[in-house]
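What follows is a single structure, written as structure tokens, with notes after it.
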Amino acid sequence: MPGKLSPAFFSARTLRTARPVRRAPSNPQYILYGLFGVNAGVYALWWYARDEAVRNGDNRMYRFMMSNFTSGEPNLRAGRWWTLLTASFSHQEFAHFGFNMLTFAFTAPALLPVIGAPQMLTLYIGSGLAASLASLAWPYVVDPLLHGDRFSLARKRYSLTQGASGSVYAMLAAYATMRPAATFYLYFALPIPAWVCPH
């Protein structure tokens, strides 16, 4: 029948000699490079935004970064729900960026072989979202229990947060849970067991 392929078209000979499909190389390290790269890229955007505001008096980029890379009630009320995630890749200050990425550089390569690349990405994103949600709930739930400070509630409702601390701390806690006897060197000098670090 014209236009119909017979079974012989897919013969064993054809399949054997067909060019194999090339697969992407398996390299789970790309997860580490990718996470670090996104954090570094967002930090570079903050640096550019601040430079534009200070040197040229142009605040447009800075306002964009505040609206899209910080987590808080004002952004959620404006419908910018993605900031719950983007805030966990965001650092304005070099010290904040440097400390988090230094901790990431020591913890992530040790954790990656233990849990695998997909789980590493899930842990980073999930804990980043959890940290953003916790920072939103804090003035409503924790502060009233600790202080009963209504002025603090009114003030903190409109505060904005950012940083990879929640994600990095979660990775450190995960590794300490799975390898509690492993040794970390605090400030590159003081050896302490991994289970002590999350405390």
Index of the failed condition, Asn75 passing every other in (1) of a type in the set (S, T, N, Q); (2) buried (at least 16 other Cβ atoms within 10 Å of the Cβ); (3) under 16 Å from the mean Cα position of the chain (by Cα): (3)
Flag for Gln119 being under 18 Å from the mean Cα position of the chain (by Cα), within 26 Å of Ala174 (Cα to Cα) and not β-branched (Val, Ile, Thr): yes
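Name the residue that is modelled with the lowest pLDDT, counting only residues in segment 161-192 that are assigned to a helix (DSSP H, G or I), crowded, with 17+ Cβ neighbours inside 10 Å and not hydrophobic (A, V, I, L, M, F, W, C). Walk me through how you get there before you give the answer.
Start the filter on segment 161-192 by keeping residues that are assigned to a helix (DSSP H, G or I), which leaves 165-178.
Applying the additional criterion that residues be crowded, with 17+ Cβ neighbours inside 10 Å yields 165-176.
Filter once more, keeping what is not hydrophobic (A, V, I, L, M, F, W, C): 165-167, 169, 175.
Details: Ser165: 94, Gly166: 94, Ser167: 96, Tyr169: 91, Tyr175: 87.
This residue is Tyr175.
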Any idea which residue in segment 121-160 is surrounded by the most Cβ atoms within 10 Å (Cβ to Cβ), counting only those that are at pLDDT 65 or above and not in a helix (DSSP H, G or I)? Leu160
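The values are calculated or read from the model by the stated rules, or taken from the named source; none is laboratory data. Keep in mind it's a predicted model, so treat the numbers as computed, not measured. For neighbour counting, all protein chains shown are included, and Cβ atoms are generated from backbone atoms with ideal geometry for every residue, glycine included.
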